[in-house]
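The values are calculated or read from the model by the stated rules, or taken from the named source; none is laboratory data. It should be emphasised that the depicted structure is a prediction, and the values quoted were computed from it without experimental measurement. Glycine gets a Cβ as well: all are built from the backbone with ideal geometry, and neighbour counts include every protein chain shown. For accessibility, only protein heavy atoms count, side chains too; no ligands or nucleic acids. Shrake-Rupley method; radii C 1.70, N 1.55, O 1.52, S 1.80 Å.
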Amino acid sequence: MVTKLKVFSGSSHPELAQRICDHLDVPLSKSEVVRFQNENLMVKIQENVRDCDVFVVQTSSPPVNEGIIELLIMIDALRSASAARITAVIPYFPYCRSDKKDKPRISIAARLMADLLQTAGANRVLTMDLHSPQIQGFFRVPVDNLEAAPIICDYYRERDLSDFILVAADAGEAKELGRYANRLHLPIAIIDKRRYGDDDQAHAQHLIGTVRGKHALIVDDEIATGGTLLEAAAFLHKEGALSVGATATHPVLCGHALERIANSGLNEVVVCDSIAVSERLNTPQLRERIKVLSVSHLFAKAIRRIHDGDSISSLFR
Ligand code: R5P
């Protein structure tokens, strides 16, 4: 029996789910989320999913905690409705920075997310550029971690990259930077970034490599408050960079990030639509500075391959 592929969307990014469906040429399946006055949620799956291969798209964006609960309840509802297999499609993984016990008496919340998803009934997970790839190991079910690098590099390949250098915003990003360097054939430098507290304040300490007389392109997995990015940009200018631009997969852009980027001396900042951002680019200055690339076709390809039992890694060779 060939199981039918169905795609559902949570409330976090229905536009991305619709774009994925457009690429797959399947309709977005119907569900409804009811919010009661006591703040409890009820998810109603509004079509038959018995024996279907179901994909639920829900990224992590504000309200983050409500989005997680909604996803868990959706998965549980689909399981009760006899879906044959449920894949949680989570472009930006919640609590991905809580991936280690680097302070006493804290939770490794990313592992807790993995436990919750599996308990709810997720049979597999499809995500993108996990903050640390070992988060995959928190799961006992298969996890496919897609890379945005090919999409971002295709964009830059169309530009003149003479005298460009790629810069990792911190040592944690250095390995990923290698992937960009291989694709774009550019030299690299790495910033030694430190954090001294829980105040989101990043401090650029040293530079491994040299950016003098070059156009620096900062590569990171996400831009959250923008603290890392702005600190890195100022540091690179001080180190003699001719200009500084940036790219990051996930535009978390919380706090005053957009305002900070708008008022910065940064060149273009390239991000992906793993999180909904376009509506927030509400000034000509922001629209000019922040370029959003869609990853919907990559998710659609991956979903098709999972459904057909084909390789995902071959997408990146
Ligand atoms: C940290 O390890 C990440 O790679 C990013 O550099 C960080 O999440 C960015 O956060 P923020 O924009 O708040 O400095």
Look through the stretch 149-186, keep the residues that are charged (D, E, K, R) and in a loop (DSSP other than H, G, I, E, B), and return whichever of them is nearest to the ligand (Cβ to nearest atom). Asp170
What's the total number of residues in the stretch 79-133 that are over 22 Å from Val7 (Cβ atoms) and in contact with a strand residue (DSSP E or B) (Cβ under 7 Å, 6 or more places away or on another chain)? 2
Counting just the residues of the stretch 251-265 that are within 23 Å of Leu161 (Cα to Cα) and within 13 Å of the ligand (Cβ to nearest atom), which one comes out least open to solvent (accessible area, probe 1.4 Å)? Ile261
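Every residue, every condition in (1) open to solvent by less than 40 Å² (accessible area, probe 1.4 Å); (2) under 25 Å from the mean Cα position of the chain (by Cα); (3) not charged (D, E, K, R), yes or no:
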{"site": "Gln37", "(1), (2), (3)": "no, no, yes"}
{"site": "Met42", "(1), (2), (3)": "no, no, yes"}
{"site": "Pro62", "(1), (2), (3)": "no, yes, yes"}
{"site": "Arg85", "(1), (2), (3)": "no, yes, no"}
Is it the case that Ile135 is within 18 Å of the chain's Cα centre (by Cα) and surrounded by 20 or more Cβ atoms within 10 Å (Cβ to Cβ)? yes
Could you pull out the residue among Thr249, Thr210, Thr228 that is at pLDDT below 95 and closer than 22 Å to Ala171 by Cα? Thr228
Filtered residues of the stretch 195-243 (kept if more than 9 Å from the ligand (Cβ to nearest atom), part of a strand (DSSP E or B) and over 22 Å from Ala262 (Cβ atoms)): His203, Gln205, His206, Leu207, Ile208
Would you be able to tell me the number of residues in the stretch 1-23 that are open to solvent by 10 Å² or more (accessible area, probe 1.4 Å) and in a loop (DSSP other than H, G, I, E, B)? 6
Checklist (1) in contact with a helix residue (DSSP H, G or I) (Cβ under 6 Å, 6 or more places away or on another chain); (2) open to solvent by 40 Å² or more (accessible area, probe 1.4 Å) applied to Asp160, failing item: (1)
Is it true that some residue in the stretch 204-215 is within 10 Å of Ile165 (Cα to Cα), of a type in the set (Val, Ile, Thr) and surrounded by fewer than 21 Cβ atoms within 10 Å (Cβ to Cβ)? yes
